[in-house]
Amino acid sequence: MTSKAFRSYDLGQALLLPPSLDDWLPDDHLARFVAEVVATMDLTAFYASYRDGRGMAAYHPQLMVSLLVYGYCVGIRSSRKLEQACIEHVAFRYLSANAAPKHSAIAEFRRRHLTAMETLFAQVFELCREAGLVSLGHVSIDGSKIRANASKHKAVSWGRLEEREAHYRALAEELLKDAEACDSAEDATDNDDDSDLPQDWRRAEGRRARLQEAKEALQQRARERAREHAERQQAKCDAIDERERETGSKHRGRRPSVPDPDLAEPSDRDQYNFTDPDSRIMKDGATKAFQQSYNAQIGVDADHGVIVGTYVTDHTNDKRELLPAVAAIAANNDGTLPSIISADNGYYSDEAISAPELAAIDLYVPPDGARRKAGRVSAVDPEQDPPPDDDAPPAERMRHKLNSDHGRKVYQMRKAIAEGPFGIIKEAMGFRRFSVRGFAAVSGEWNLVTAAYNLRKLFRANKQAMIA
């Protein structure tokens, strides 16, 4: 075969001129866009923890933030895989300016600045607003269980905790008695130092102490739940008292009982995880499997699919999440509320639907048991089925609203609006499990994930505008 059949191929060929990083990627590459956006961000929260003239110079926060944001955009989050990508992938070499930071430096930066990561979502969201990608006309709220960085097999129930704690208490006492008997037999000198105690005793006592901490944590959670329940019950009692004063007649039926939160005790099924105590056992809606997880919440704008509000909670269901979700949306939009909000029946409660802060919002949230009916039955006839009175129960008014022609059309869009971003985050971006532990760290990582999602939206919108 003649040499004219192939292009020249010589692995030993030296470059005649120094390579330029700017020539490595096409102009419309996502990595370029990430670098440009991060360069405009306010990274003061990242700079604050550094001091000049102390220790070895650190990698520039702009470099590390660019690596992490782009990594989350394309589904590479492991610090070791990011280190490898900085050597093997052109886009990562471009973003790192050919520096190739070690995995330990990447992991330490992420761990050190997870709180500062929360500022990234707000800044990327503001860019989306400036680009006209946020209208707040119709916002759909949804939640999804994201696995914690912990195994459910490291969790123990309240009933089992008491059994283990009693076992290790008895074992520690038995070992201590044996040690004291040996000391007496050997006529040991007086010494209160624990270093003379048997290793088995110290191990048993340490385990008992950890079990005691777990018991106290579960008791605190039980009291917090009871306190929230007591507040709701007290609100019902206050409403009954108000009606009695207005009507002059006594309330019929049993008055709600208000429990004492200080007397609350955990149930035998309440669990504590020793790897990540802030996580909870939750049922995944897709797989129906129970996993150690967090409940990630988002509010999504219908027009362009931009996430307009986000946070993480340890609640196992969405019953109490409607008001916090709306508050998160308002916080990112200078207090502006969406015109329409839709959510599935898991978010419904009479108290939330009737909350004064939601009075200006057109809500579409089906009551319990109405999910199959909402948006799937024929529209109601206003003449044959007039709207309920204002004094009718909130659930009755909401069902009538959802079964109207307009309500059906609005609610039918909920699934496409709210569940699409979770599909992109889990499938396209590959994020199904948190990399960190603890509620504060998980919240920071979720803000990084949602910021990367919105950045992908902004990149595609910018690319389409250039083509047009």
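The values are calculated or read from the model by the stated rules, or taken from the named source; none is laboratory data. As the structure is a computational prediction, the values presented were derived from the model and not from experiment. Quick reminder, even Gly has a Cβ in these numbers, built from the backbone with ideal geometry, and neighbours come from all protein chains shown.
The residues listed here are GLY253, GLY285, GLY299; of these, the one that is modelled with pLDDT under 90 and closer than 22 Å to VAL442 by Cα is GLY285. When ASP183, ASP178, ASP192 are checked against the criterion of being modelled with pLDDT under 95, surrounded by 15 or more Cβ atoms within 10 Å (Cβ to Cβ) and either over 30 Å from MET56 (Cβ atoms) or within 31 Å of the chain's Cα centre (by Cα) (or both), a single residue qualifies: ASP183. Inspection of segment 416-425 finds no residue satisfying the criterion of being over 30 Å from ASP28 (Cβ atoms) and out of contact with any strand residue (DSSP E or B) (no Cβ under 7 Å at 6 or more places or on another chain). Among residues of segment 7-25 being surrounded by 10 or more Cβ atoms within 10 Å (Cβ to Cβ) and part of a loop (DSSP other than H, G, I, E, B), the one that is modelled with the lowest pLDDT is TRP24.
Table: residues versus (1) hydrophobic (A, V, I, L, M, F, W, C); (2) modelled with pLDDT of 95 or more.
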residue	(1), (2)
ASP385	no, no
ASP390	no, no
MET398	yes, no
HIS406	no, no
ALA418	yes, no
GLY423	no, no
GLY444	no, no
ASN454	no, yes
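Only one entry in SER342, SER349, SER354 is touching a His at 6+ places or on another chain (Cβ under 9 Å) and more than 21 Å from VAL442 (Cα to Cα), namely SER342. Among the residues in segment 404-412, are any without any contact (Cβ under 8 Å) to a residue 60 or more places away in the chain and assigned to a loop (DSSP other than H, G, I, E, B)? Yes, segment 404-412 contains at least one residue that is without any contact (Cβ under 8 Å) to a residue 60 or more places away in the chain and assigned to a loop (DSSP other than H, G, I, E, B).
Residues are listed down the side, and each one gets a yes or a no for (1) of a type outside the set (Asp, Glu); (2) within 25 Å of the chain's Cα centre (by Cα):
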| position | (1), (2) |
| --- | --- |
| ARG32 | yes, no |
| ALA35 | yes, no |
| MET41 | yes, yes |
| ASP52 | no, no |
| MET56 | yes, no |
| GLN62 | yes, yes |
| SER66 | yes, yes |
| TYR70 | yes, yes |
| GLY75 | yes, yes |
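For segment 249-287, which residues satisfy the criterion of being under 14 Å from ARG223 (Cβ atoms) and assigned to a loop (DSSP other than H, G, I, E, B)? I'd like the intermediate steps shown before the answer.
Filtering segment 249-287 down to residues under 14 Å from ARG223 (Cβ atoms) leaves 259-267, 270.
Result: PRO259, ASP260, ALA264, GLU265, PRO266, SER267, ASP270.
Entry remark, segment 125-144: residues being under 22 Å from LEU448 (Cβ atoms), of a type outside the set (Val, Ile, Thr) and outside any helix (DSSP H, G or I) number 5 in total.
Filter segment 389-434 down to the residues that are aromatic (Phe, Trp, Tyr) and more than 21 Å from TYR294 (Cα to Cα) and list them by number.
To start, the set of residues in segment 389-434 that are aromatic (Phe, Trp, Tyr) comprises 411, 422, 431, 434.
Answer for segment 389-434, where residues must be aromatic (Phe, Trp, Tyr) and more than 21 Å from TYR294 (Cα to Cα): just TYR411.
Residue-by-condition table, conditions (1) surrounded by 12 or more Cβ atoms within 10 Å (Cβ to Cβ); (2) basic (Lys, Arg); (3) over 22 Å from ALA226 (Cα atoms); (4) free of Cβ contacts under 8 Å to residues at least 12 places away in the same chain:
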{"residue": "ASP238", "(1), (2), (3), (4)": "no, no, no, yes"}
{"residue": "GLU242", "(1), (2), (3), (4)": "no, no, yes, yes"}
{"residue": "GLU246", "(1), (2), (3), (4)": "no, no, yes, yes"}
{"residue": "ARG254", "(1), (2), (3), (4)": "no, yes, no, yes"}
{"residue": "PRO259", "(1), (2), (3), (4)": "yes, no, no, no"}
{"residue": "GLN271", "(1), (2), (3), (4)": "yes, no, no, no"}
{"residue": "MET282", "(1), (2), (3), (4)": "yes, no, no, no"}
{"residue": "ASN295", "(1), (2), (3), (4)": "yes, no, no, no"}
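Scanning segment 137-145 for any residue that is under 20 Å from ALA331 (Cα atoms), among the small types (Gly, Ala, Ser) and buried (at least 17 other Cβ atoms within 10 Å of the Cβ) turns up at least one such residue. Applying the criterion of being among the aromatic types (Phe, Trp, Tyr) and not in a loop (DSSP other than H, G, I, E, B) to the residues of segment 26-63, the residue that is surrounded by the fewest Cβ atoms within 10 Å (Cβ to Cβ) is TYR47. Taken over segment 381-428, the residue count meeting the criterion of being surrounded by 19 or more Cβ atoms within 10 Å (Cβ to Cβ), out of contact with any Leu (no Cβ under 9 Å at 6 or more places or on another chain) and not charged (D, E, K, R) is 8.
One residue stands out in segment 77-97 among those that are within 22 Å of the chain's Cα centre (by Cα) and in contact (Cβ under 8 Å) with a residue 60 or more places away in the chain: the one that is farthest from MET117 (Cα to Cα), namely SER78.
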